[in-house]
Amino acid sequence: MLSVFIIIFREVFEISLIVSIVLAATKELPGRNKAVGIGFISGIIISAIIAKFADKISDMADGAGQDLLIALLLAIAVVMVGYTVIWMAKHSKDLASKIKKTTEEVAMQKASIYALSTIIATALIRELTEIMLFTYGVVVSTSLSGAAVIYGVISGLFVGILVGVLFYQGLLKFQSKYIFKVTSFLLILLAAGMASKIPNFLASAGYLTEYSSPLWDSSKLLSERSIAGTILSNVVGYTDKPSLMQLVFFIVTFGALFGASRIKRV
Amino acid sequence: MKRFLLLFLLANVAFAAEDQVIELSIRDHKFYPEVITAKAGSKIKLLVKNEDNSVEEFESFDLKRERIIPAKSSAKVVVGPLKAGEYKFFGEFHEDTAQGILKVE
């Protein structure tokens, strides 16, 4: 039962970190709760569908279908976070004001809501499919009683979500204490971190395997397996053995989003 | 004779650049074999066959790979080119028993 709890908690914890950051960063965005709700529901439904068709997806592209799917989910999330960051930068004044919005602005707001939903949904899909497949596997093959499995899953979910809530509240406190807004910056780091994971999944499928050897090994300083390492890994894509390709993906994404959010235009 | 030597040399170059293929099985939540070896410098195709009735996730922090392998299925995971060393991998859903090492020379 403990092993069930640990695995479920780990996966839920990873989702919680990402969701907390997105929620904290978009607190001022109108319609953000609705967006998150849509994201959660669609994420859960799509995860269930993918879990059901795991065999077929794994068989696709000579066994690499799964890797390509995850790489695609990450890429979509990066684009959606980028869109949200740029939208927030463009409308920072509007968000503060109470002036009635034009129809164009309302449409743009709707688009930003869907972008948020997509970020949440892709994060959920990446981890939930694992959780569902794992839980099904445990139920099918183990000597654990159904009750023990259910208890493990529920407690893993509960503690994972609880940690996420605490992280979220911590982020809000941190933001209100400091004058400069960390919101967009956090999102940009999140997007760059997610982008830096894409090369691993492409390489696993046999694509883009160049420049994949680690440039350094900082696992003695901070191991990716440690709690702090896991947090940093999910928040900014920290890896203790980064490859040149990963660094390139990170820097390009960071530069593009940081630059785009700084452009002062109409 | 000279032509034969040239062909022989070219053949060696071709083999050196070719991908290595290593087969690995998961049975009763354990890897068989637990230790696999490969050469440094060229890509490695790991063919992981899950012979169990339950899903497993092949994962490695050292190799930076994670792949869910449904019951009674196989997965092809590409790693490398790698430098010499030992790279640990495990089955995330049964970490206490599913542990393995890839030794690269």
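Working ranking of peptides B:39-52, A:73-86 by packing, defined as the average number of other Cβ atoms within 10 Å per residue, highest first, is A:73-86, B:39-52.
With a 10 Å cut-off around each Cβ of B:47-59, the average count of Cβ atoms from other chains is 3. A Förster distance of 51 Å, applied to the separation of the beta-carbon atoms of A:ILE76 and B:LEU7, puts the FRET efficiency at 0.55. Here the range A:160-246 has an Rg and Dmax of 15.4, 46 Å, counting Cα atoms alone. Only helices enter the 222 nm calculation for chain A: every DSSP H run of n ≥ 4 contributes -39,500 (n - 2.57), and dividing by all residues gives -26500 deg cm²/dmol, rounded to 500. Could you give the alpha-carbon Rg of chain B over 2.2 N^0.38 Å, rounded to two decimals? Against the empirical 2.2 N^0.38 Å value, I get 1.27 for chain B.
Once the Cα atoms are used to define both axes, helix A:65-90 deviates from the longest principal axis of chain A by about 20 degrees. Taking the longest Cα principal axis of chain B as reference, the axis of helix B:2-17 is set at about 20 degrees. Could you tell me which of the pairs B:LYS43/B:LYS88; A:LYS27/A:LYS90; A:LYS90/A:LYS197; A:LYS197/B:LYS30 are separated by over 26 angstrom between their Cα atoms in the structure shown? Cα-Cα > 26 Å for A:LYS90/A:LYS197; A:LYS197/B:LYS30; rest within.
Against chain A, whose longest principal axis is taken from its Cα atoms, helix A:183-204 shows a tilt of about 40°. Over all other residues within a Cβ to Cβ distance under 10 Å of B:LEU24, the charged ones net out to -1, with Lys and Arg as +1 and Asp and Glu as -1. For chain B, a crude dipole built from +1 on the beta carbon of Lys and Arg and -1 on the beta carbon of Asp and Glu, taken about the Cα centre, is about 820 debye to the nearest 20. What the Kirkwood sum gives for the protein assembly as shown is a hydrodynamic radius of 22.2 Å, with every pair of different alpha carbons counted.
Per residue of peptide B:74-85, the mean number of Cβ atoms on other chains within 10 Å of the residue Cβ is 5.
A short reminder: the numbers here are calculations on the coordinates, not readings from a lab. Keep in mind the model is a prediction, meaning the values are calculated, not measured. Counting neighbours? That spans all protein chains shown, and the Cβs are built from the backbone with ideal geometry, glycine included.
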